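> I'd like to ask you about the structure that follows.
Only the coordinates and a few stated rules stand behind these numbers; no lab work does. Quick caveat, the model's predicted, so the values are computed rather than measured. Note that each Cβ is placed from the backbone with ideal geometry, even for glycine, and that neighbours are counted across all protein chains shown.
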Amino acid sequence: GVPVSSRVSTKIQQLLNTLKRPKRPPLKEFFVDDFEEIVEVPQPDPNQPKPEGRQMTPVKGEPLGVVCNWPPALEAALQRWGTTQAKCPCLTALDVTGKPVYTLTYGK
């Protein structure tokens, strides 16, 4: 065999160890344990205004006609419906007694 100095093999070993190290830091170094913050429930501000009146609930209206070629996106479907049915009511706000106050219609 060829005689090998221990100093060269130590340098080669250091080079190998350097190459084996991960290039990015492990995920646990980025993890922040904020479990204590999650468990704490924030106390409401006593100066915050309180809600007044009854709770509002949506009421189902008349179903739309069945159309087989509706666009897959809600916005596109509303756009198409609004251009074909411009005077149809879109949204109606009711007062406390249940009578319509405002009616929003589709527009072109």
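> Rounded to whole Hz and in sequence order, give me ³J(HN,Hα) for segment 69-74 from the Karplus expression 6.51 cos²θ - 1.76 cosθ + 1.60, θ = phi - 60°, writing x for Gly and Pro.
Karplus-based 3J(HN,Hα) across segment 69-74 equals 10, 5, x, x, 8, 4 Hz.
> I need the peptides 84-96, 47-59 ranked by packing, meaning the mean over residues of other C-beta atoms within 10 angstrom, with the highest value on top.
So the peptides 84-96, 47-59, ranked by packing, come out 84-96, 47-59.
> Under the rule of at least 5 residues apart or a separate chain, name every residue whose amide H is placed under 5 Å from the amide H of TYR106.
CYS88, CYS90
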